[in-house]
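Working notes, structure below.
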2 protein chains.
Amino acid sequence: MEPDRTALHQCDAAVSLAFSILGKRWNGMIIDTLGNGPLAFSALRRAVGGISDAVLSDRLSELAEAAIVAREVAPGPPVSVTYSLTDAGARLRPLLTQLGEWATQNLDSAPH
Amino acid sequence: MEPDRTALHQCDAAVSLAFSILGKRWNGMIIDTLGNGPLAFSALRRAVGGISDAVLSDRLSELAEAAIVAREVAPGPPVSVTYSLTDAGARLRPLLTQLGEWATQNLDSAPH
DNA sequence: CAAAGCCGCTCTGAAAAACAGAGCGATCCC
DNA sequence: GGGATCGCTCTGTTTTTCAGAGCGGCTTTG
């Protein structure tokens with residue numbers, strides 16, 4: 001059977017692609033936090049607030065693979081790991097700022 | 001015990017608020033799809049693609065409660081339900097477009 | 001020197017979310 | 001009547017997220 005041609009419109013593939021990353025919990029907040037400057041793993045965990053080690057580790061792997069954040073290991077001792085935004089990640093910053101403005105203007109900050 | 005004052009930076013509360021909605025699977029795509037015009041429940045399900053009835057129903061309730069989408073029941077028979085963006089939702093459209101552009105320019109469209 | 005703490009993770013097991021699919025009353029088409 | 005569409009809801013399974021413990025390597029404290 002052919003694909004349904006009766007649908008009047010479809011979700012835009014580009015937006016869908018964007019939300020394959022941003023539509024996961026924490027990713028937006030991680031990127032936003034790193035927008036203020038590079039951070040180590042545990043500093044990032046504290047800055048984001050409420051995320052667990054396991055999930056943060058997982059998200060950072062994904063974001064690194066998508067080339068949105070960079071993982072840099074400063075050889076030690078002591079070895080320290082620093083996460084920062086790549087250029088691609090940095091290009092997201094103004095959009096996140098706009099999203100923040102939209103949220104404060106259009107969303108009730110005290111959700112049910 | 002006092003809150004930790006040693007953190008150099010924190011995630012912006014406004015961005016965090018935005019992602020309490022957009023950081024959930026499907027929400028971005030639902031809003032984007034409705035941006036092209038109002039749709040009935042089943043047309044929306046087809047347009048978004050891959051979402052189940054139960055989850056769509058759930059997301060629409062949340063988005064309606066957040067006053068991002070409006071649910072309008074046209075009295076029948078046949079009763080038909082139409083979902084559309086509110087003004088707040090519509091104000092998100094240009095941002096979603098920008099996110100789409102960012103994604104096409106900075107993300108590999110063939111994920112892992 | 002030993003105990004204690006931070007670092008960046010990984011592992012475990014349990015709770016929450018998303019999923020596919022069936023079902024349902026109503027209405028419409030042949 | 002038989003079949004399909006509509007807007008859901010319910011059931012049970014899979015996936016995701018979670019808190020918390022653990023770990024090796026290092027530093028700081030006493």
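The values are calculated or read from the model by the stated rules, or taken from the named source; none is laboratory data. Please read these numbers as outputs of a predicted model, since none were measured by experiment. Cβ coordinates were reconstructed from backbone atoms using ideal geometry, including for glycine residues, and neighbour counts include every protein chain displayed. Side chains included, ligands, DNA and RNA excluded: accessible areas come from the protein's heavy atoms. Shrake-Rupley method; radii C 1.70, N 1.55, O 1.52, S 1.80 Å.
All of (1) out of contact with any Pro (no Cβ under 8 Å at 6 or more places or on another chain); (2) within 14 Å of chain B (Cβ to nearest Cβ); (3) at pLDDT 90 or above hold for A:H112 with one exception: (3).
Every residue in segment B:79-101 that is of a type in the set (S, T, N, Q) and under 16 Å from B:N36 (Cβ atoms), please.
Let us first name the residues in segment B:79-101 that are of a type in the set (S, T, N, Q), namely B:80, B:82, B:84, B:86, B:97-98.
Passing the criteria: B:T82, B:S84, B:T86, B:T97.
Checked across segment B:48-55, the condition of being exposed (fewer than 15 other Cβ atoms within 10 Å of the Cβ), within 18 Å of A:V15 (Cα to Cα) and within 16 Å of DNA strand C (Cβ to nearest atom) holds for at least one residue.
If a residue counts only when it is at the interface with another protein chain (Cβ under 9 Å from one of its Cβ atoms), within 12 Å of DNA strand D (Cβ to nearest atom) and within 18 Å of A:A103 (Cβ to Cβ), which helices (runs of 4 or more DSSP H) contained entirely in segment B:24-98 have at least 1 such residues? First the steps, then the outcome.
Numbers: elements: B:27-34, B:41-48, B:53-65, B:87-90.
Fully inside segment B:24-98 and qualifying: nothing.
Are any residues in segment B:56-65 in contact with a helix residue (DSSP H, G or I) (Cβ under 7 Å, 6 or more places away or on another chain) and within 11 Å of DNA strand C (Cβ to nearest atom), and if so, which ones? Lay out the reasoning, then the answer.
Applying the first criterion (in contact with a helix residue (DSSP H, G or I) (Cβ under 7 Å, 6 or more places away or on another chain)) to segment B:56-65 yields B:56, B:59, B:63.
Those that are in contact with a helix residue (DSSP H, G or I) (Cβ under 7 Å, 6 or more places away or on another chain) and within 11 Å of DNA strand C (Cβ to nearest atom): B:L56, B:R59.
Each residue in segment A:10-25 was checked for being more than 22 Å from B:L44 (Cβ to Cβ) and crowded, with 20+ Cβ neighbours inside 10 Å, and 1 of them qualify.
Considering only segment B:92-112, state which residues are open to solvent by 40 Å² or more (accessible area, probe 1.4 Å) and either farther than 24 Å from B:A70 by Cβ or touching a helix residue (DSSP H, G or I) at 6+ places or on another chain (Cβ under 6 Å) (or both).
Kept after step one, since they are open to solvent by 40 Å² or more (accessible area, probe 1.4 Å), are these residues of segment B:92-112: B:93-94, B:97-98, B:101, B:104-105, B:108-112.
Result: B:Q98, B:E101, B:T104, B:Q105, B:D108, B:S109, B:A110, B:P111, B:H112.
Of note, B:A88 does not satisfy the criterion of being open to solvent by less than 40 Å² (accessible area, probe 1.4 Å), in contact (Cβ under 8 Å) with a residue 12 or more places away in the chain and within 16 Å of DNA strand C (Cβ to nearest atom).
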